[in-house]
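Comments concern the structure below.
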Amino acid sequence: MEDINPRNIDSFMRLVGDAARPVIVTHAKPDGDAIGSSVAMYHFLRMAGKSHVRLVLNDRYPAFLDFIASQVPEEDIIIHDVAPGPAEMAIRESDLILCLDFHAFHRTRNLESYLAGSKAAKVLADHHLDPDRSLYAVSFSETAISSASELVYQILMATPVIAGDASRIPAAAALAMMAGMTTDTNNLNNSVYPSTLEMASELLRCGVDRDLILRKINQEHSEDRLRLKGYMLKDLLQVTEDGVAYMVLDREAQRKYRMKEGDTEGFVNEPLSIGKVRMSIFAREEDSEIRISIRSKNGTSANRCAGLFFNGGGHENAAGGKLLMPVGEVEEYIRKHTHIYMTEYEDKK
Ligand code: 5GP
Ligand code: MN
């Protein structure tokens with residue numbers, strides 16, 4: 001964690017000290033880690049004496065993340081899809097923008113042009129590959145870490161206010177970071193480092209309710225969601241000769257199962273339980289594109305495949321992207337291109 005050094009922490013604290021209207025932004029389609037890291041940063045800024053802090057999101061987070069987001073007063077969260085004017089205004093008027101859990105402005109979708117046009121000092125805290133450091137006054141970029149939530153935890157711990165004593169972290173921030181880390185690691189199943197478990201024990205010691213987090217994440221979904229999962233695994237799942245599993249979910253099935261945002265979170269991991277599967281792809285038809293999620297086992301790069309064939313990227317074993325084609329053509333595209341990927345790129349490494 002080279003970026004978490006006294007010089008960067010000092011610059012970060014100075015920027016926070018000088019800011020009157022800090023704004024926190026994160027990637028579009030915010031997941032648990034995006035919301036968790038943002039809510040934690042919000043509470044840190046409040047603790048640091050900032051009375052006017054706003055969290056600006058491109059679009060609404062899934063309902064099951066309410067237990068994290070509701071730790072921030074509703075009026076301090078501005079959602080571009082709901083209120084584009086106020087979202088633009090908040091960014092335009094901000095004098096410090098904290099960019100969490102994304103490596104490039106385009107990952108914030110509609111907020112991209114506001115960010116690019118803003119002259120405010122910006123701070124990056126992200127765990128993806130290859131951010132453009134020149135855009136930020138301070139960059140905390142670390143890929144050997146579980147999540148943006150853990151990165152924010154490590155940053156906070158290094159500040160003079162917290163000074164390595166986790167019990168000084170506001171309770172709402174502690175809950176948010178534990179929840180964000182838990183979702184991004186699929187409950188400590190992947191991307192876990194010694195520092196991740198240290199963070200988890202420290203936060204547990206400070207009283208974070210892990211049972212509540214697990215209940216909210218795993219046990220409060222709809223019946224429709226489980227039926228949809230059953231349908232996908234039984235009727236949609238295909239496994240190719242190359243050890244690639246894929247599922248293509250069209251709008252009709254989404255309607256039939258009354259799918260809500262966030263309902264398919266994590267489904268892409270399931271096919272990795274099959275021994276011969278090295279990579280799993282989930283394609284979902286959306287309004288203007290086919291959204292792609294990719295997961296891979298160690299030794300196979302989801303990130304490279306996403307970059308080469310799916311207009312995206314991410315982490316080594318968890319990546320995403322998009323396709324612009326009718327849903328009827330997606331299956332053929334996946335078969336063909338994953339065959340090329342597994343035989344031409346992976347097997348010739
Ligand atoms: P998910 O499958 O959960 O939507 O995304 C997994 C990871 O892939 C995310 O943490 C993010 O790093 C990355 N990712 C998802 N969509 C995109 C995309 O469109 N472009 C890039 N560069 N990365 C993405
Ligand atoms: Mn993340």
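All of the numbers you see were taken from the coordinates with simple rules; none came from a lab. What you see is a predicted model, and the numbers here were worked out from it, not measured in a lab. Glycine also receives a Cβ, built like all others from the backbone with ideal geometry; neighbour counts cover every protein chain displayed.
Available extension along the chain between Ser134 and Glu112 is 6.3 nm, counting 0.36 nm per residue and deducting the alpha carbon span.
Beta-bridge orientation, the range 240-349: approximately 70 percent antiparallel, per DSSP, counting only bridges with both partners inside. Projecting label points 7 angstrom from Cα along Cα→Cβ for Lys297 and Arg7 puts them 4.4 nm apart. The amide H of Ile24, built 1.01 Å from its N in the peptide plane, has Arg54, Leu55, Val56, Leu98 as neighbours under 5 Å, considering only residues 5 or more places off or on other chains. The value given for the range 27-130 is a Kirkwood hydrodynamic radius of 13.8 Å, derived from the mean inverse Cα-Cα separation. Diffusion of the range 98-224 by Stokes-Einstein, at 25 °C in a medium of 0.890 mPa s and with Rh set to the Kirkwood radius over alpha-carbon pairs, works out to 155 µm²/s. Computed from Cα atoms alone, the Kirkwood hydrodynamic radius reported for the range 253-349 is 13.9 Å. Taking GluC sites (Glu not before Pro) as exposed when DSSP calls them loop and at most 16 other C-beta atoms lie within 10 angstrom, the chain has its longest site-free stretch at 3-219. Taking only the C-alpha atoms of the chain, the Rg (one decimal) and the largest Cα-Cα distance, Dmax (whole number), read 20.0, 58 Å. The ellipsoid equivalent to the alpha-carbon distribution of the range 86-143 has semi-axes of 19, 12, 9 angstrom, derived from the gyration tensor eigenvalues as √(5λ) and listed largest first.
Which pairs, out of Lys234/Lys348; Lys122/Lys229; Lys260/Lys348; Lys216/Lys256; Lys216/Lys276, put more than 29 Å between their alpha-carbon atoms? From Lys234/Lys348; Lys122/Lys229; Lys260/Lys348; Lys216/Lys256; Lys216/Lys276, over 29 Å: Lys234/Lys348; Lys122/Lys229; Lys260/Lys348; Lys216/Lys276. By DSSP, the beta bridges lying fully in the range 247-295 are antiparallel in about 65 percent of cases. For the range 40-47, 3J(HN,Hα) computed residue by residue from phi via the Karplus equation (6.51, -1.76, 1.60; θ = phi - 60°) reads 5, 5, 3, 5, 5, 5, 5, 4 Hz, glycine and proline entered as x.
Specify the inter-centroid distance of the range 278-349 and the range 108-138, based on alpha-carbon positions, in whole Å. Answer, in whole Å: 26.
Remind me, relative contact order of the chain in percent, using alpha carbon pairs under 8 angstrom and six or more residues apart? Over the chain, the number comes to 14 percent.
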